[in-house]
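As structure tokens, the structure follows; a few thoughts come after it.
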Amino acid sequence: MEKGILTRRAMLGAMAAASQARVMGANDRIRIGMIGTGNIGRRHLEGHLIPIRDEKNNIEIVGFSDIYKHRNEQIRQLLKLEKKAVHHDYRDLLARRDVDVVWICTPEHWHFRMAMDALEAGKDIYLEKPLTYTIEEAKQLAAAVRRTGRILQVGSQHVSDLRYHLAREVIEKGWIGQVLWAQSSYSTNSLYGVWNYRIEPEATEDQIDWKRWLGNAPSRPFSAERYFRWRKYWDYSGGVGADFFYHRLSPLLFAMGPKFPRSVAGMGSIYLFRDREVPDTYSTVIEYDTYMINISASMGAVHGEQGMAPTIYGHEATIQFVAGGIKVTPEWQFAKKFEAATGKKTLLLETNQWKDTPIRRAHIENFLECVKTRKDPVFPVELGYQAMVAIKLGIDSYRSGKIMAFDPQTQRVLPAIPCRPGYEGTGENYQEPVRS
């Protein structure tokens, strides 16, 4: 198997120059290949790519790759493609000269390998979140994007939510003073637990290439449960953190000023849904050099829309995310200063984005535009890497019971610690304070 991979990679590298040589004009259609056509991939196709193709005629979906035979025929008919446009091995799709862009909508443990192969083949990439499965993979992928000059958009559409763009402008203007911390959540509720997708009766071992699907994950007997509900298992996913928290952390970093964390603590448990390995209730606290972010959520309890509304707290004012915009409220000590700067006692900045363009559609269109202009997308790989470090450290903290540390300068994970740097905590080195 490995020998075949090396041979094919060499072929892809030889073809990369030819693929990169295509310079698209304003009227040229972007030719897209899809890798992974399950739940998320099909949502992208039916909800956005096919409508964009039909409305604007600026893209063409030329082929796809999946390892589930039954699904392949459904998607082929949906896209009205010939059988030769369907590829069992995603590398055959990457080898096509008529593919400019690949859409990667596969389980997390495949993101890195597929994205790296796509870069070597000279393709631009829309990569579903999270960026990768590990921190080291994220670091290598960011370096590869810089080296190849390709466009990579991380598929967390909330960075295209214009409310966070408004918040970024308010922060850059200094209207809330020094940013100190933020909080958010992404909760949901159900009778049976999130990610318990329907297991299709057609999903048998002769229909699914199980060994190929596992890839570098631990070898296990065929399991349709794991195939359809992979986010419940550590072998393929970071669970709540990698799925939902990545959506919340990334736009907050975009607004507050992207950077790497210093230390991260993750905690929670499986309190309700016992059919999984990942926690159903989870919280992470992320410490940066000038601010901190706290994200908490449960998959079995929710109040309002996905829990607490995001809030960014500054020394002089607070940004609250409300329906259709943001509300900026000064601390009473800085009320006069705030009014002098903004002309308002409180500030309500609105956006009509939800009425005009759904954020996932806006995110996709931003990527397609960048493929032609070669400008950086709204969610570039560097931001994806910074978010991935914080998310994965939180997961590792939860699983190890320790606080994880990171050096932003060297971009290295440091030895885990019993408590955050600069605080004696309650670990083995704790000393009872002397009381007078």
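The values are calculated or read from the model by the stated rules, or taken from the named source; none is laboratory data. None of these values were measured; they are calculated from a predicted model. Here Cβ is always computed from backbone atoms with ideal geometry, including for glycine, and neighbour counts include all displayed protein chains. Quick note on the areas: whole protein, heavy atoms, side chains included, nothing else; ligands and nucleic acids left out. Shrake-Rupley method; radii C 1.70, N 1.55, O 1.52, S 1.80 Å.
Do you know the relative contact order of region 125-275, to the nearest whole percent, from alpha carbon pairs under 8 angstrom that are 6+ apart?
33 percent
Using modelled amide H (1.01 Å from N, peptide plane; none on Pro or chain starts), what sits under 5 Å from the amide H of G257, excluding residues fewer than 5 places away?
Those qualifying (amide H under 5 Å, at least 5 residues apart or on another chain) number zero.
Provide the FRET efficiency to the nearest 0.05 for the T346-D235 pair, computing r from the beta carbons and using R0 = 51 Å.
0.55
How high is the relative contact order of region 209-302, given as a whole-number percent (alpha carbon pairs under 8 Å, six or more residues apart)?
21 percent
At 0.36 nm per residue, minus the direct Cα-Cα distance, what do N189 and E365 gain on full extension? Give it in nm, one decimal, please.
Going from the current span to full extension adds 60.3 nm.
Which of (i) 78, 52, 44; (ii) 103, 54, 36; (iii) 92, 44, 35 is the computed Cα extents along the principal axes in Å for the structure on display?
It is the one labelled (i).
Please determine, in degrees from 0 to 90 and to the nearest 10, the orientation of helix 135-148 with respect to the longest principal axis defined by the Cα atoms of the chain, where the helix direction is its Cα long axis.
So the inclination is approximately 60 degrees.
Mind putting a number on the dipole of region 119-167 about its Cα centre? Charges go on the C-beta only, +1 for Lys and Arg and -1 for Asp and Glu, and I need it in Debye to the nearest 20.
That gives region 119-167 a dipole magnitude of about 160 debye.
At what distance in nm do the modelled label points of D54 and N39 sit from each other, each positioned 7 Å from its Cα along Cα→Cβ?
In this crude spin-label approximation the distance works out to 2.5 nm.
Relative contact order of the chain: what whole-number percent is it, with Cα pairs under 8 angstrom and at least 6 residues apart?
17 percent
Can you run phi through the Karplus equation (6.51, -1.76, 1.60; θ = phi - 60°) for region 243-257 and list ³J(HN,Hα) in whole Hz, with x for Gly and Pro?
8, 7, 5, 4, 5, 8, 5, 4, x, 5, 4, 4, 6, 7, x
Compute the acute angle (0 to 90°) between the alpha-carbon long axis of helix 381-400 and the principal axis of greatest extent of the alpha-carbon atoms of the chain; round to the nearest 10°.
Long axis of 381-400 versus the principal axis of the chain: about 70 degrees.
Please give the calculated 222 nm ellipticity per residue for the chain, where each DSSP H segment of at least 4 residues contributes -39500 (n - 2.57) and the sum is spread over every residue; nearest 500 deg cm²/dmol?
Computed ellipticity for the chain at 222 nm equals -10000 deg cm²/dmol.
If you rank F334, F406 by how much accessible surface each has, with a 1.4 Å probe, what is the order from largest down?
Ranked list, largest accessible area first: F334, F406.
Suppose the chain between R212 and S269 were pulled fully straight at 0.36 nm per residue; how much longer would it get relative to their current alpha carbon spacing?
Net length gain for the segment: 17.4 nm.
Pop out the carbon and sulfur fraction of the accessible area of region 19-117 as a percent, whole number, probe 1.4 Å.
46 percent
Residue-wise, which Karplus ³J(HN,Hα) couplings in Hz belong to region 310-317, taking 6.51 cos²θ - 1.76 cosθ + 1.60, θ = phi - 60°, and x for glycine or proline?
Values per residue, Gly and Pro as x: x, 9, 10, 9, x, 5, 10, 7 Hz.
If you fit an axis through the alpha-carbon atoms of helix 2-20 and take the longest principal axis of the Cα set of the chain, what angle between them do you get, 0 to 90°, nearest 10?
So the helix axis and the longest Cα principal axis differ by about 80 degrees.
At R0 = 51 Å, how high is the FRET efficiency between Q411 and Q77 if r is their beta carbon distance? Nearest 0.05 is fine.
FRET efficiency, Q411 to Q77: 0.65.
Could you compute the FRET efficiency for T357 and S223, with r as their C-beta to C-beta distance and R0 at 41 Å, rounded to 0.05?
Once the sixth-power term is evaluated, E becomes 0.55.
Using a 1.4 angstrom probe on the protein heavy atoms only, line up M308, M114 by accessible area, largest first.
Putting M308, M114 in descending order of accessible area: M308, M114.
All other residues with a Cβ under 12 Å from the Cβ of F244 taken together, and with Lys, Arg as +1 and Asp, Glu as -1, what is their net charge?
With Lys, Arg at +1 and Asp, Glu at -1, the neighbours total +1.
Please identify which residues in region 158-191 have an amide N closer than 13 Å to a label point set 7 Å out from the Cα of T290, following the Cα→Cβ vector.
Hits in region 158-191 for T290 at 13 Å: 171-181.
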